[in-house]
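Working notes, structure below.
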Amino acid sequence: MMQPGDYGAPGSLQRVLSDVAAERVAQDAMWGLQEHPDGTGPAYAPEADLAKQAVTDAAAEGLLTWRHILYEEVLEAFAEDDTDRLRTELIQVAAVAVKWVQDFDRRRSCGGPQMSPAEKVTSPWPDTAEPGTRATP
């Protein structure tokens, strides 16, 4: 049965989030508790602006890729120094990464193209933003 967030593949969201949770457990087992400074702030805003422009340009040319979208989200997070806004940006990074994995899994399960870097970069499936999420360009 299709659930909200399944991105066209029943059980997809739960499966990906389970994989992410397993990876987090493995990280803790390997590294233990880690405490590091954020290392983010306005100094990275020019890079974020360039990434935003790259997304706009690629979308206008019909060449938008998941790499463009994730890279933009990561650089937006790097440009934040307010912890509440940084948290929001990091959630967006995680959500885009999850959606990218879901798209990959959906293509694989549908027998669709795997779209290696040497292949066409536009997806044959329209982007369907989940209700309540920020739509990607």
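Structure notes:
- Filtering the stretch 9-39 to residues that are surrounded by fewer than 14 Cβ atoms within 10 Å (Cβ to Cβ), part of a loop (DSSP other than H, G, I, E, B) and not acidic (Asp, Glu) leaves Pro10, Gly11, Gly32, Leu33, Gln34, His36, Pro37, Gly39.
- Looking across Ile91, Ile69, one residue alone is free of Cβ contacts under 8 Å to residues at least 12 places away in the same chain and of a type outside the set (Lys, Arg). It is Ile91.
- So Asp6, is it over 17 Å from the mean Cα position of the chain (by Cα) and either among the charged types (D, E, K, R) or not in a helix (DSSP H, G or I) (or both): no
- Matching entry among Leu90, Leu86 (being over 12 Å from the mean Cα position of the chain (by Cα), at pLDDT 95 or above and in a helix (DSSP H, G or I)): Leu86
- Test: residue in the stretch 112-127 that is at negative phi, of a type in the set (D, E, K, R) and either at pLDDT 95 or above or within 16 Å of the chain's Cα centre (by Cα) (or both): yes
- Count of the stretch 1-39 residues which are without any contact (Cβ under 8 Å) to a residue 60 or more places away in the chain, over 17 Å from Ala94 (Cα atoms) and in contact with a helix residue (DSSP H, G or I) (Cβ under 7 Å, 6 or more places away or on another chain): 1
- Qualifying positions in the stretch 40-64 - among the β-branched types (Val, Ile, Thr) and either more than 15 Å from Ala79 (Cα to Cα) or in a helix (DSSP H, G or I) (or both): Val55, Thr56
The values are calculated or read from the model by the stated rules, or taken from the named source; none is laboratory data. Remember, predicted model here, so these are calculated numbers, not experimental data. Virtual Cβ from ideal backbone geometry, glycine too; neighbours counted across all protein chains shown.
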